[in-house]
Amino acid sequence: MRAHEELSRLAKTRAELDWHEGRWLLCALRSGTHGHLGFASFAEYVERLFGYKPRSTEEKLRVAETLEHLPELDSALQEGALCWSAVRELTRVATAENENQWLAVARGKTQRQIEQLVAGRKPGDGPDAPAGPMKHVLRFEVSAETLATFRDAMAKLRRMASESLDDDAALLLLARKVLGGPGDDGRSNYQIAVTSNF
């Protein structure tokens, strides 16, 4: 029981520290602290302090900024009722109008369960809203040459397109070109001939 009590205290303290960290990171960004201290970028400054990669810093800032408009979720993190990773997921969908609904369904759930509740929903959707198409993350570790070639290919695809392409549309077009499937207009790049013996 003693171990459980101490771990529970630490979990609550960690949530409160995450709340403070987000607030102060946002304050440091807005006041240009990194520039005053001679750092080239805010990401470099935070990496030197905490060891965070730029993507982690972006997420910390996104959550802190979103919590400024979500007082119930803000309090839940500050008081340790929810951990930072759970609050991070909820800030993807919660708004001032529905944050109480999201808090109610999130209580007692694991971070993974909350991820599943949020998946396929967009900002403003309530917990009962139908989930949209699921998004997936593609991640590859490649050489510098492969990365440069891939970036060139994506840039060429975007230049060739008749409209602006986000990453999803550009990757789909790239795959279709390689596979010889339908192009942008939905028409296939092949023909089928049918012969009848009537």
Roughly how many whole Å is it from the C-alpha centroid of segment 41-64 to that of segment 1-30? 17 Å
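Compare the peptides 146-152, 70-76, 122-128 by average per-residue count of other Cβ atoms within 10 angstrom and give them in order, highest first. Could the numbers behind the result be given before it?
Working: 146-152: 11.3, 70-76: 18.7, 122-128: 13.0.
Put in order of decreasing packing, that is 70-76, 122-128, 146-152.
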Suppose the chain between PHE140 and ALA153 were pulled fully straight at 0.36 nm per residue; how much longer would it get relative to their current alpha carbon spacing? 3.1 nm
Taking R0 as 41 Å, what's the FRET efficiency between LEU171 and THR110 from their Cβ-Cβ distance, rounded to 0.05? 0.85
Identify all lysines with a Cα-Cα distance to LYS12 below 30 Å; exclude those on the same chain that are fewer than 8 residues away in sequence. LYS53, LYS60, LYS109, LYS122
Taking the dipole of segment 75-189 about the Cα centre (Lys, Arg +1; Asp, Glu -1; charges at Cβ), the one of TRP102, ALA81, GLY120 that reaches farthest to the positive side is GLY120
Quick one: if you stick a label point 7 Å off each Cα along the C-beta vector at GLU79 and LYS53, how many nm between them? 3.5 nm
Would you calculate the separation in nanometres between label points at ARG2 and GLU65, each defined as 7 Å from the Cα along the Cα-to-beta-carbon direction? 4.7 nm
At a 10 angstrom cut-off on C-beta neighbours, averaged per residue, how do the peptides 86-98, 162-174, 55-67, 20-32 rank from highest to lowest? 86-98, 55-67, 20-32, 162-174
Could you provide, to the nearest whole Å², the per residue accessible area of segment 1-156 with probe 1.4 Å? 67 Å²
Check: segment 67-179 dipole with +1 on Lys, Arg Cβ and -1 on Asp, Glu Cβ, in debye: 600 debye
Under 17 Å Cα to Cα from LYS135, which aspartates and glutamates show up? Leave out anything in the same chain fewer than 8 places away. GLU89, GLU115, ASP125, ASP166, ASP167, ASP168
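The values are calculated or read from the model by the stated rules, or taken from the named source; none is laboratory data. Here the structure is a predicted model, which means the values were calculated and not measured. Quick reminder, even Gly has a Cβ in these numbers, built from the backbone with ideal geometry, and neighbours come from all protein chains shown. The area values use the complete protein model at the heavy-atom level, side chains included, leaving out ligands, DNA and RNA. Shrake-Rupley method; radii C 1.70, N 1.55, O 1.52, S 1.80 Å.
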